[in-house]
């Protein structure tokens, strides 16, 4: 009866042979697949391997939505944070001396999106 150490050595030798055999077979399989792709004029999309098309981020028919990010504490005016900063926020930051982050809407309110409107 073989010892544990001998069995482990046999396993390692068999694994090395199996890995070498796999490499040989993989090379043959890849060559066969490439030949068939060329023969039949297949593309990655035909095989279900192509990336899915994503919708464009901008362009006609693309609706852009955003959540409210900033709110004026007195007037209730809001701004999404997209584009150039609105005048009321620039003026408020300048006059109050507070950073823009002081006027960020709390996350629970921001989740409601444009439904907030003016307070």
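The values are calculated or read from the model by the stated rules, or taken from the named source; none is laboratory data. Because the structure is predicted, anything quoted here is derived from the model rather than measured. Positions of Cβ are backbone-derived with ideal geometry, glycine not excepted, and every protein chain shown enters the neighbour counts.
Residues that are in contact with a strand residue (DSSP E or B) (Cβ under 7 Å, 6 or more places away or on another chain) and at pLDDT 55 or above were ranked within the stretch 101-119; the one that is surrounded by the fewest Cβ atoms within 10 Å (Cβ to Cβ) is 104. How many residues does the stretch 36-72 hold that are in contact with a helix residue (DSSP H, G or I) (Cβ under 7 Å, 6 or more places away or on another chain) and at pLDDT 80 or above? Residues in the stretch 36-72 being in contact with a helix residue (DSSP H, G or I) (Cβ under 7 Å, 6 or more places away or on another chain) and at pLDDT 80 or above: 4 in total.
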